[in-house]
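All remarks here apply to the structure that follows.
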Amino acid sequence: MDKLFWTFPSNNMADIQNYEKVKIDFHPKIPPLEKVKDKTKIDVRYCVISPFAFIHVHWDEKIFELVYEIEEPILNEQEKSFLEQLTTAIRDLINFEGVIERNEDVLLDYIDKRLKLLAVELGIDIPYESYKKIYYYLCRDFIGVNEIEPILRDYFVEDIECNGANSPVYLIHRIYRNLRTSVVFQSNERLESLVEKLAQRCGKHISYADPILDGTLPDGSRVNATYTADITSKGPTFTIRKFTATPWTPVELISFKTLSPEMMAYLWILVQYKMNILITGGTASGKTTLLNAVAFFIPPEARVVSIEDTRELNLPRENWLPSVARGSTGGKGENEISLFTLLRSSFRQSPDYVIVGEVRGKEASVLFQGMASGHSSISTMHSDSVDTLIKRLETPPIELSPTLLNVLDCVCIMTHAVVNKEETRKLREIVEIVNVDPNGIATINTPFTWNASEDKFYYKPGSKVFDKISKRYGISVDELENEFRKRAQLIYELYKRKVFKFEDVQELANRYYKKPDEVLKEFGIASQNI
Ligand SMILES: Nc1ncnc2c1ncn2[C@@H]1O[C@H](COP(=O)(O)OP(=O)(O)OP(=O)(O)O)[C@@H](O)[C@H]1O
Ligand SMILES: [Mg+2]
């Protein structure tokens, strides 16, 4: 390494200090990608970090698979050596952990200045073309998470999965689904240091003593990682679930045909009248996404408390106290206890609505007792059907008494479904819990179902929850049904007029509570009963 310094004497160096700063854009425009039926025809390239990193998705004849290639500037041996020296020098110079929270533009500027100064100090003579590339890699690694940064910046990526060194990183793409990427970690050490960096970006710590990471990146993405080979057979691993910066609105979910406007209107009424809703389904079936969308309908003045293991929820409101269970290692018992403690203390804050990101264990009993004492709750839980859900709630470690289950008003079942060969998420059923007897046998009513063969949603009038609301609040069922129809029409109109935006939908939902007739009129809906 020392030798290199001598081979590039500093007397005739280019004037790096005067190099024009390269503009790096970490948020280039999202390209319109179209679904292509014949996978072998796919060949698209789009930019994720402008003008340096591109994604190339194409069919690979040799392996007979779609591949996801990251295209970045190629460094020659000399440039690689410069980059290595500068990386070490910058790392020694500043404590990046301290600066990492700072604004991206400030950091870009900072790195540019340091790079230029250090190049002079180290006596390395970098031509402008090389400077640009080196600057990119320094920014990528100090601001971002090294080789996976372009993937993290790709709007279309939903999940990233790395099952160990020497095997490719896989991802799920919004449009092209499962793809093998060109990223392969060549050694356990490299992967370990990436996992350390992920932990650091989540503000957490991972080590041999504490080898499981369960955290949230600054952009809201959820990270799970393991550090050592004795936990998973292949060594360090990680999975990242990416989240859109702003959650999908109810109207957007309608446009994806995840549920019908009627289902959304029904949930709106239930939320307004503080009914207890549990969203269930398999892994990544869209439970949290639906929960977040339903939360748009919480009346603006209501006090909301949310409790999560890792931060995923993003509620469009001011009157909201979010809390995240801390100090958990992702291991079994501890999480449950911290959620349990948080939930118990949250009820003391006298919330109108309690939102629990995911119910898994002991905390369920606190939640159900909270519901029984009049706090409304919306939460998610993993299971495939109402039967398995009820069984899970009644058996250890949760062990609720069957009669306590009666406080639950409605269960939404989310599912992955393939429609016309395309992967979608559907709200498969909305089930009302009419009664659970002391033996744990549930009587249910199913007002909404999705028919898979026709890809249609069906509604069966006669909601038992409407009866319950009617009795509790003294509003006639007719009136509720009218309100339900008006809201379904309103949601449909919003969808037709493409009112998708977070702020717009929120504003309308809030205004509807205060001036329903005005909102209905604005969208051409008769406000008298229909
Ligand atoms: N209605 C939808 N249409 C299309 N994609 C969706 C929909 N809902 C969620 N997704 C995508 O599916 C992924 C999983 O969503 P989400 O986290 O809501 O699922 P989940 O059931 O809560 O998952 P988990 O079991 O991990 O808690 C996300 O990447 C999200 O962007
Ligand atoms: Mg979830």
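The values are calculated or read from the model by the stated rules, or taken from the named source; none is laboratory data. The structure displayed is predicted, hence computed values, not measured ones. Neighbour counts run over all protein chains shown; Cβ positions are idealised from the backbone, glycine included. SASA here: full protein model, heavy atoms, side chains in, ligands and nucleic acids out. Shrake-Rupley method; radii C 1.70, N 1.55, O 1.52, S 1.80 Å.
Looking only at the stretch 459-488, residues that are open to solvent by less than 70 Å² (accessible area, probe 1.4 Å) and part of a helix (DSSP H, G or I) come to 15 in all. Against the list (1) in contact with a helix residue (DSSP H, G or I) (Cβ under 9 Å, 6 or more places away or on another chain); (2) of a type in the set (A, V, I, L, M); (3) within 20 Å of THR443 (Cα to Cα); (4) within 16 Å of ligand 1 (Cβ to nearest atom), the condition ILE378 fails is (3).
The requirement of being surrounded by fewer than 20 Cβ atoms within 10 Å (Cβ to Cβ) and outside any strand (DSSP E or B) is satisfied by GLU189. Among the residues of the stretch 390-409, is there at least one that is within 30 Å of ARG174 (Cα to Cα) and open to solvent by 40 Å² or more (accessible area, probe 1.4 Å)? No: the stretch 390-409 contains no residue that is within 30 Å of ARG174 (Cα to Cα) and open to solvent by 40 Å² or more (accessible area, probe 1.4 Å).
In the stretch 421-437, the residues that are within 14 Å of MET263 (Cα to Cα) and assigned by TED's automatic domain parsing to the domain that holds THR449 form Cβ pairs under 6 Å with partners that are of a type outside the set (S, T, N, Q) and assigned to a loop (DSSP other than H, G, I, E, B), at six or more places apart or across chains, as follows: LEU427/LEU259.
Looking across the stretch 438-458, just one residue is more than 29 Å from ALA417 (Cβ to Cβ) and either open to solvent by less than 20 Å² (accessible area, probe 1.4 Å) or outside the structural domain of ILE269 (by TED's automatic domain parsing) (or both), and that is GLY440.
Of all the criteria given as (1) of a type in the set (D, E, K, R); (2) out of contact with any Pro (no Cβ under 9 Å at 6 or more places or on another chain); (3) part of a helix (DSSP H, G or I), the one not satisfied by LYS133 is (2). I'd like the full set of residues that are among the hydroxyl-bearing types (Ser, Thr, Tyr) and in a loop (DSSP other than H, G, I, E, B), limited to the stretch 193-219. Once the filter is applied, which keeps residues that are among the hydroxyl-bearing types (Ser, Thr, Tyr) and in a loop (DSSP other than H, G, I, E, B), the stretch 193-219 yields SER207, TYR208.
Scanning the stretch 261-291 for residues that are open to solvent by 10 Å² or more (accessible area, probe 1.4 Å) and within 16 Å of ligand 1 (Cβ to nearest atom) returns PRO261, GLY282, THR283, ALA284, GLY286, LYS287, THR288, THR289.
Checked against (1) open to solvent by less than 10 Å² (accessible area, probe 1.4 Å); (2) of a type outside the set (Ser, Thr, Tyr); (3) under 21 Å from LYS287 (Cβ atoms), GLU422 passes all but condition (1). If you go through the stretch 307-321 and keep only what is open to solvent by less than 30 Å² (accessible area, probe 1.4 Å) and away from ligand 1 (no atom under 14 Å from the Cβ), you end up with ILE307, LEU315, PRO316. Would you point out the residue of the stretch 62-76, among those that are within 18 Å of ARG177 (Cα to Cα) and of a type in the set (Asp, Glu), that is surrounded by the fewest Cβ atoms within 10 Å (Cβ to Cβ)? In this case the residue turns out to be GLU65.
Selection of first residues in the stretch 56-68 that are in a strand (DSSP E or B) and of second residues that are open to solvent by less than 30 Å² (accessible area, probe 1.4 Å) and of a type in the set (D, E, K, R), restricted to Cβ pairs under 9 Å at least 6 apart or on distinct chains, gives the following pairs, ordered by first then second residue: TYR68/ASP154. Filtering the stretch 489-504 to residues that are open to solvent by 10 Å² or more (accessible area, probe 1.4 Å) and under 20 Å from TYR273 (Cα atoms) leaves only GLN489.
The condition (being in a helix (DSSP H, G or I) and open to solvent by 10 Å² or more (accessible area, probe 1.4 Å)) is satisfied by just one residue among ARG360, ARG344: ARG344.
Condition check ((1) touching a residue at least 60 places away in the same chain (Cβ under 8 Å); (2) within 16 Å of ligand 1 (Cβ to nearest atom); (3) under 30 Å from ASP214 (Cα atoms); (4) in contact with a helix residue (DSSP H, G or I) (Cβ under 7 Å, 6 or more places away or on another chain)) across all residues:
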{"position": "ILE126", "(1), (2), (3), (4)": "yes, no, no, yes"}
{"position": "ARG140", "(1), (2), (3), (4)": "yes, no, yes, yes"}
{"position": "ASN146", "(1), (2), (3), (4)": "no, no, yes, yes"}
{"position": "GLU149", "(1), (2), (3), (4)": "yes, no, yes, yes"}
{"position": "ASP159", "(1), (2), (3), (4)": "yes, yes, yes, no"}
{"position": "ASN166", "(1), (2), (3), (4)": "no, no, yes, no"}
{"position": "ILE172", "(1), (2), (3), (4)": "no, yes, yes, no"}
{"position": "LEU179", "(1), (2), (3), (4)": "yes, yes, yes, no"}
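Count of the stretch 248-298 residues, restricted to those that are among the charged types (D, E, K, R) and within 16 Å of ligand 2 (Cβ to nearest atom), is 1.
Within the stretch 348-369, being farther than 21 Å from ALA442 by Cβ and more than 16 Å from ligand 1 (Cβ to nearest atom) holds for ARG348, GLN349, SER350, PRO351, ASP352, TYR353, VAL354, LYS362, VAL366. Scanning the stretch 505-530 for residues that are open to solvent by 40 Å² or more (accessible area, probe 1.4 Å), among the hydrophobic types (A, V, I, L, M, F, W, C) and within 24 Å of MET275 (Cβ to Cβ) yields one hit, ILE530.
The selection criterion, being at positive phi and assigned by TED's automatic domain parsing to the domain that holds GLU422, holds for ALA284. Among (1) more than 16 Å from ligand 1 (Cβ to nearest atom); (2) open to solvent by 10 Å² or more (accessible area, probe 1.4 Å); (3) under 30 Å from SER373 (Cβ atoms); (4) touching a helix residue (DSSP H, G or I) at 6+ places or on another chain (Cβ under 8 Å), which single condition is ARG303 missing? Just one mismatch for ARG303, condition (4). In the set (1) modelled with pLDDT of 90 or more; (2) more than 16 Å from ligand 2 (Cβ to nearest atom); (3) open to solvent by 40 Å² or more (accessible area, probe 1.4 Å), HIS382 fails one condition alone, (2). For beta carbons closer than 9 Å, sequence separation of 6+ or different chains, a first residue in the stretch 339-359 that is within 16 Å of ligand 2 (Cβ to nearest atom) and a second that is among the acidic types (Asp, Glu) and part of a helix (DSSP H, G or I), the qualifying pairs are LEU339/GLU363; VAL356/GLU363.
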